[in-house]
Structures are given as C-alpha cells and as structure tokens.
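Derivation of every value follows stated rules applied to the coordinates shown; laboratory data play no part. Treat the numbers as computed from the prediction; the structure is a model and nothing was measured. Reconstructed Cβ throughout: ideal geometry from the backbone, glycine too, with neighbour counts over all protein chains shown.
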Amino acid sequence: MANIISDETMEYVAILAKLELSEEERRQAKQDMEKMLDYIDQLNELDTSGVEPMSHVLPVQNVFREDVVTNGDERDKILKNAPEEKNGAFVVPKTVE
Amino acid sequence: MELLELSALELGRRIRAGEISAVEAVQASLSRIKEVEKDVHAYVTVDEEGALTRAREVQKQIADGTLNGPLAGVPAAVKDNICTAGLLTTCGSKILGNFVPAYSAQAVESLERAGVIVLGKTNMDEFAMGSTTETSAWGVTRNPHNLAHVPGGSSGGSCAAVAAKECFFALGSDTGGSIRQPSSFCGVTGLKPTYGTVSRYGLVAYGSSLDQIGPIAKNVGDCAAILEILAGRDEKDSTSVARADGRFTEALTDDVRGLRVGIPGDYLGEGLDGEVRAAVLKAADVLKEKGASVEEFDLSLTEYAIPAYYTIASAEASSNLSRFDGVKYGYRTKEFDGLHQMYKRSRSEGFGPEVKRRIMLGSFVLSSGYYDAYYLKALRTKALIRQAFDRAFEKYDVILGPVAPTTAPKLGESLSDPLKMYLGDIYTISANLAGIPGISVPCGTDSKGLPIGVQLLGDCFKEKNILRAAYSYERGRADTASDPAKKAVE
C-alpha cells in the first residue's frame, strides 16, 4: 500500500521538526518520506502481538547521585560558543510580550 | 617511511624502549598528513601545534616513568563528533561549524591519560548520518586505496586516516555500522563494542540507544589494546557498564579450536557481491582449518532490521538534534522575526539534506497518531531481532559474515537514492539493534583492488570471542592472502 502524506501533515511535521522548508525541499521531503514509509510498512508482515517494545537492550535503571557541583566555572569558555552574548548571558529574541 | 608502517602497539613499544620519541612519531604523522591530505582529505582539523606540545610533555612523562602504558606517545585521530576540549568539533555540519567544546569526551580523556596524542579531528557524514562521508559540510573524504571511491561512512575520515597512515589509530562511532563499514572499505580493522562498554559522555548524540564509540586500527591487537583503555563505567553516562573482564588483550591467542562459528545463510543471499562472498567464505575456511567448527544457519528477520533501524534512529535523532537551535552554540541565521523563526531558519540553513530528511521522518514516526504504528512497532521488531540473536548465540560463539554487500562505491553514486544507500547497511545494523559487539577485519581485495572486510559478531560482553577469532584469522591470513591494510596510497 502506497503511503500518501497530505500537505497538512507535512506542514505539521515541519512544525514539530522546527524546520522551514522551501517549496522544492518540501516536495522532495514528502516524496522521500512516502517512499521510506512504504518501505517501513514491511514491518507489518511481522506478528508482534504480545511482544514488549524494547527501548534498551540491556537493563537500565535509574541512577541516583548526590546533587553536588563537580565541574568548575567554565562560563567564559561556554559563552565563547554563543552566537550572541551580553554581560555573561546568552542573547535571544524577545520571547514574551 | 618505515615508522609509519608500525602498528600502534609496536610504536608504543619502541617509544618505551627509547628507540623513537613521541615527538618524532608526531612529526612523522604530521608530514604524512601534509603529503596526502590534498588527495585523501581525512581530517577536518589538524592540531599541529597542540600535538607537538603534547608530544613533548608525554615524552617527558615517559622518560620519568609517569607514563608507561602500551600506547603512551602514540599519535591518533578522533572522529569529529567526539568532543575535544579547545579543539573544533563540528560533526561534519555547518550548524556546529565554529563549535569549540569546553570539555573532552570521556573516551578522549581516557586516551590522553594513557599518553595517546591527539593529532586532529576526522571527517564524517554530517551528524554520522550517511554511509559514504559525502554528506559532510566540509567536502568528501576519498578512499586511500582508490581516490575515485568513497571511504565509506560515517567514520570515513577516521578509517581513511588509518589506511593512509596519517595516524596510528583513530576513534570512530558506530550507530548502524559507521565503524565497521568504512573499516571494510578502507582495509583497516574496526571494532564496535557492546553497547555500554565505552562511555558516550562527550559523543554528540545521534541515536542514543544505538551509538557506541570504538577503535579503528591497523590490526586486531591494536583494537584490543585501545578498547582496554576506553572501556569502563563512567558516572557521566548512566548506560555505561563496569566490565569485569576488561583485559581484552588476553583474548589475543592464535587458537580457535572448539570455537563455534555460525554463518547466517540470510547474509549470503541476494544482493551480495560475488567477490565479497568468496572472500568472506575463504576467511571462514581459515578458521575452520585452525580447528573452529563452521556451519551455516538461518538467523532470520534480517530484512526487517533496516526498516526498524531507520525508524528508531530517526526518532532518536529528531529528539537529540532538537538542541541545535542557534541559542547557546553553533550557527544562528542572520535575519529572523522572533524566536521561532530564529530556531527554524537556523536549523534549516545549518543542517544538510540527509539530516533534515531523518529529522522529518523521526518527527513523523513520533507524532501522535503514528507513534504506535511506527515507533513502537519498530521497538517490538527490535525485541524480536534481539531474540533471534539470543537463539543464535546459544549455538555459536561467533557469527561470521560480510560487512557490506559490495566494496566501496564510486564517489557521487550513492546519495541520489537514499533508500538504496540504506540497504547497504543490512549486515551491520542488526548488531546495533541487538547491542552486540562486532569487528571488521580485512579479508582480501576485489578485482578492482578495493578492500573487502569480514565481520565477526559476538554476544553482548563477549568481545573476547570475536577478538580471539579475529586475531587467529589475521594470523592465518598473513600466511595465505594479501594484507590490504598495507597497500593504501603512495
């Protein structure tokens, strides 16, 4: 069964992905995704009823530690990577009106 | 130059014996880099000054006995998605084009503590997404065995650097085959450890449940020695595991008597190149002659590994890569109106096409309404694949097969059809889903002179089984066949 993704779904996924695609990119992305989903659909040939989803292959458990600071003050090194900084803080566009 | 031919362990031995200094070793690597980089382009960043300074320090510490490990003074390269304090770490992406980490990955710290000298950072597919190293924002890396061909990927730069003798070993990362496949294409030896063996702290995440750092080297012995340094529990990665059996070099014995080797018939079928098939089966014969039992069996579910993998890896990537938003580091777009447009434009301009393709797919399979049908279905498939390996390892100590269906394709042939490129991962991807270790060892060349690798897979935490088999094979191969690791660019 060939997957058809609507323009609305593509728009919605782009919002989730925080990507702004050009018209051409969007057309290509839609085509690529439909093709991939057709391929992924082979998984439906497998009977997985009663099989638990496996997120990790090894047992993972929550690990607790004391809440103490172990790293030094690296503010300046970290801020050096900032696209924009001012007075020891990251500068971002206005976020609340 | 003879020095550059040495294995990492042999170089380390000569440095300890005072026959060569760490500074000389670094200088030799740096002049080799100058000689071949214009053709190979394995590196994104070469830290000439830093490496020489560090070499002088290390040499002093070797002389005064502070450093006495097997790899002290050995120059190495690090894949560009593994953080190095003070040294550019770009992940092959424009979005991290100017990123200088404030800290080093645990794996890098472990190497440095052992006296290894970092020469620089190696090229890779953008965010490790790709199988050819052609999706890097900094241009392609070429296969040192034939410059018209790709080195494989995503750790293509690391493997090419080892093959072209631009370093004595390198670190790579493997999410779906990214150490093993380029090792196979470049005629070097690459090991993906059991999930959790090497700390992922400081490895820029792609698919967190699948990613592992591992060694890429000239031979099996070097891989074992490097893994000994890398392996261990790290508090900063809660999925890392304390290994009680961490003396991996103990497994380097030329003895496979009684070892049970299984070859999945599913790995020898349609799509596998005839020359690759023949070379891999010849490798199996070497083990058989040395006393291993070898038989074919049916692993099953092989064809479902790729769709399950691309669903899971893309889902995790879409989440992991949400941190690149133009706020704290990396690229920020020049013109925008408000916060959301800044996010979207920074990401859209900063990421390349393959990364965007996977983020879109990942966002889709995690979105409400599709989560159960795609993401959870893939995780259930993963459980079945794990069970198939559990059954196989009841009967066999080692699973032997090809690394990739073909040898290295020509540059420019792969990216036009992503799905076709993904199919090339068929023999490597299951190991990441099942968490098991795998090694690629050179086993010959095809009629075009391109290297072929044989893959040995073991059960979780059974690196020693595959190291023993790989080492024995390597010793047997030296008697009989070509050693592709020796023939790269002149």
task = Shielding by partners for A:7-18, please: the mean number of other protein chain Cβ atoms within 10 Å of each residue's Cβ.
result = 6
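Nearest 0.05, what FRET efficiency do residue A:41 and residue B:295 give at R0 = 60 Å with Cβ-Cβ as r? Please report the intermediate quantities before stating the final value.
On the way: r = 34 Å, r/R0 = 0.57.
So, using R0 = 60 Å, E works out to roughly 0.95.
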ask   = If you find the alpha carbon centre of the range B:279-330 and of the range B:204-229, how far apart are they in angstrom?
value = 14 Å
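Could you give me D for the range A:1-42, from Stokes-Einstein at 25 °C and 0.890 mPa s, where the hydrodynamic radius is the Kirkwood radius over C-alpha pairs? Units µm² s⁻¹, please.
230 µm²/s
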query = Using only Cα atoms, what is the ratio of the radius of gyration of the protein assembly as shown to 2.2 N^0.38 Å?
reply = 0.93
message = Using a Debye calculation, one point per C-alpha and no hydration shell, please list log10 I(q)/I(0) for chain A at q = 0.10, 0.16 Å⁻¹ in order.
response = -0.70, -0.96
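Which of the peptides A:35-47, B:359-371, B:51-63, A:57-69 is most tightly packed, and how do the rest follow, judged by the mean count of other Cβ atoms within 10 Å per residue? Could you put the intermediate results ahead of the total?
On the way: A:35-47: 16.0, B:359-371: 20.9, B:51-63: 18.2, A:57-69: 8.2.
Per-residue mean Cβ counts within 10 Å order the peptides as B:359-371, B:51-63, A:35-47, A:57-69.
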Karplus-derived HN-Hα couplings along the range B:291-297 (A = 6.51, B = -1.76, C = 1.60, θ = phi - 60°), whole Hz, x at Gly and Pro = x, 7, 8, 10, 8, 7, 8
ask   = Taking a ≥ b ≥ c as the square roots of the eigenvalues of the Cα gyration tensor of the range B:67-219, is the shape rounded (a/c under 1.5), prolate (a/b larger than b/c) or oblate?
value = rounded
query = Once you have the alpha carbon radius of gyration of chain B, what is it after dividing by 2.2 N^0.38 Å, with N set to its residue count?
reply = 0.91
Value in Å of the Kirkwood radius, where the range B:55-157 supplies the Cα pairs that are averaged = 14.6 Å
key: Beta bridge orientation in chain B: antiparallel %, DSSP, nearest 5   = 65 percent
request  = Quick one: which residues, 5 or more positions from residue B:120 or on another chain, have an amide H under 5 Å from its amide H? H modelled 1.01 Å from N in the peptide plane, none for Pro or chain starts.
outcome  = B:47, B:78
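Other chains near A:28-37: what is the mean number of their Cβ atoms within 10 Å of each residue's Cβ? Write out the running numbers ahead of the final one.
On the way: counts 3, 7, 1, 0, 9, 5, 0, 3, 13, 8.
Across the residues of A:28-37, the mean count of other-chain Cβ atoms within 10 Å is 5.
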query = Listing B:155, B:300 from the residue with the fewest other Cβ atoms within 10 Å to the one with the most, what is the order?
reply = B:300, B:155
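Taking only C-alpha pairs under 8 Å that are 6+ residues apart, what is the relative contact order of chain B in percent? Intermediate values should be presented prior to the final figure.
Details: 1196 pairs, mean separation 85.3, N = 490.
Relative contact order of chain B: 17 percent.
Using the Kirkwood radius over Cα pairs, work out the Stokes-Einstein diffusion coefficient for the range B:333-464 at 4 °C and 1.567 mPa s, in µm²/s as a whole number. Don't skip to the end; give the middle numbers.
Working: Rh = 18.3 Å.
Diffusion coefficient, whole number: 71 µm²/s.
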request  = For the range B:418-455 and the range B:28-57, write down the distance between their C-alpha centroids in whole Å.
outcome  = 29 Å
remark   = Expected vector for the range A:44-49, Karplus 3J(HN,Hα) from phi with 6.51, -1.76, 1.60 and θ = phi - 60°, integer Hz, x for Gly and Pro, equals 5, 5, 8, 7, 10, 5
The protein assembly as shown: antiparallel DSSP beta bridges as a percent of all, rounded to 5 = 70 percent
ask   = Expressed as a fraction of 2.2 N^0.38 Å, the rule-of-thumb size for a compact globular protein of N residues, what is the C-alpha radius of gyration of the range B:321-364?
value = 1.12
remark   = Listed by chain and number, the residues whose amide H is under 5 Å from that of residue B:169, excluding neighbours fewer than 5 places away on the same chain and using placed H, are B:77
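Would you kindly state how much longer the chain becomes between residue B:52 and residue B:368 on full extension, computed as 0.36 nm times their sequence separation minus their alpha carbon distance, in nm to one decimal?
108.4 nm
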message = Just want to confirm a number: the relative contact order over the range B:379-440, from Cα pairs under 8 angstrom separated by 6+ residues, in percent.
response = 44 percent
ask   = Separation between the residue B:282 and residue A:24 pseudo-spin-labels, each 7 Å from Cα along Cα→Cβ, expressed in nm?
value = 4.7 nm
query = Counting Lys and Arg as +1 and Asp and Glu as -1, each charge on the Cβ, what is the dipole of chain B about the Cα centre in debye, to the nearest 20?
reply = 680 debye
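In whole Å and largest first, what semi-axes does the C-alpha gyration tensor of the range B:214-336 yield when each eigenvalue is scaled by 5 and square-rooted? Kindly include the intermediate steps, with their values, before the conclusion.
Working: eigenvalues 292, 124, 44 Å².
The answer is 38, 25, 15 Å, longest axis first.
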note = Which residues qualify? For residue B:403, with a placed amide H closer than 5 Å and at least 5 residues away or on another chain, they are B:453, B:455
query = Looking at chain B, which Cys residues are left with no other cysteine's beta carbon under 4.7 Å from theirs?
reply = B:83, B:91, B:167, B:223, B:443, B:460
request  = Could you order peptides A:3-10, B:179-186, B:378-385 by the average number of other Cβ atoms within 10 Å of their residues, highest first?
outcome  = B:179-186, B:378-385, A:3-10
remark   = Using alpha-carbon coordinates alone, the radius of gyration and Dmax of the range B:273-326 in Å work out to 19.5, 58
